[in-house]
Amino acid sequence: MFVGLNELLGVTVEKPEQGKLTLLCAAKTDASFLVHHFLSFYLKAGCKVCFVAIVQSFSHYSLVAQKLGVSLTAAKERGQLVFLEGLKSSNNILFGEGQALDEVDPFQFISGDGSNLKDLYEYVQKALSPGAKDGTGVSWKPPVLIVDNLGVLLSLGVSLTDILDFIHYCRVGVNSQLKGNLVVLVHSSDDSEDEENELLAKSLRHQSNRILWAQGLATGYCKDVHGELTIIQRSSWETRAERDLSCVYQYKIQDKNVLFFARGMSAAVL
């Protein structure tokens, strides 16, 4: 995890928030560093995590997590992390490799039988249920569901309605009932021609408690400033008369850290 980002968000591993939907938006940049941050943050916080990886493999996330001081393999072995490798599941379904006859793969929706995400939701529910057996008897902190790129499901043939239904049920099950957290990544851009993806991003923005929007620099590539991050803290329904709080920072990605600073305050500029 990145300590600087925790400070900007006002969160600590000792007392993670509960019942929140955090939306990660990427516009003309790679915002994967945000996914890596929240994965390592919640594992260090002692939360039970279900990670639905659609665009990257377990080995990819494991290598990055090691740099951030977290072992995903150890987390899986102790029952803290349930990792669904979408690439592997898709390959098994499309080419019939390694799938037991009595098992239902959560990614069965890509087989042409329909786009219903019921199996995926039931997988998440089972993984994060307080009664889930992990063989350790450890009492984890509130559960977390992380999805590394929800918009890819549209490319896999899932309808926008089914994706929004999936998020709705996850919010009811994870946010409301289990008092856990959701972290979802989508790509969004004002000049995008993908109308369904933009509708998905817009809907999620309205539902989110917090939005982290990473964007590339309008001036193009810069070796000392890699992009801008807008953090939007949404006002709650109880205090909806209050305005959303929005702050903009620039950032530089390093090998094992990300530096954040106010606009124009990079050491390279000064």
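Every read-out reported here was derived from the displayed coordinates using simple, explicitly stated rules and does not represent laboratory data. Treat the numbers as computed from the prediction; the structure is a model and nothing was measured. Note that we place each Cβ from the backbone using ideal geometry, even for glycine, and neighbour counts take in every protein chain shown.
Tabulated data for the structure shown
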{"item": "Once exposed loop chymotrypsin sites (Phe, Trp or Tyr not before Pro) are cut out (DSSP; at most 10 other Cβ, 10 Å), longest piece of the chain", "result": "1-220"}
{"item": "Radius of gyration, Dmax [the chain; alpha carbons; angstrom]", "result": "18.6, 63"}
{"item": "Exposed GluC sites (Glu not before Pro) absent: longest stretch of the chain, with sites in DSSP loops and at most 14 other Cβ within 10 Å deemed exposed", "result": "104-192"}
{"item": "The chain, helix-only ellipticity at 222 nm - DSSP H runs n ≥ 4, -39,500 (n - 2.57), divided by all residues, nearest 500", "result": "-9000 deg cm²/dmol"}
{"item": "FRET efficiency, Val3 to Gln177 (Cβ-Cβ, R0 41 Å, nearest 0.05)", "result": "0.85"}
{"item": "Reachable lysines from Lys28, criterion Cα separation under 21 angstrom, eight or more residues apart if same chain", "result": "Lys202, Lys223, Lys252"}
{"item": "Whichever lysines have a C-alpha closer than 17 Å to that of Lys20, once near sequence neighbours (fewer than 8 apart) are set aside", "result": "Lys48, Lys141, Lys179"}
{"item": "Simple spin-label estimate for Tyr169 and Leu199 in nanometres, 7 Å along Cα-Cβ", "result": "2.0 nm"}
{"item": "Chain lengthening between Thr161 and Cys247 when straightened (0.36 nm per residue, less Cα-Cα)", "result": "27.8 nm"}
{"item": "Between segment 1-72 and segment 184-218, the Cα center-to-center distance that results, in Å", "result": "18 Å"}
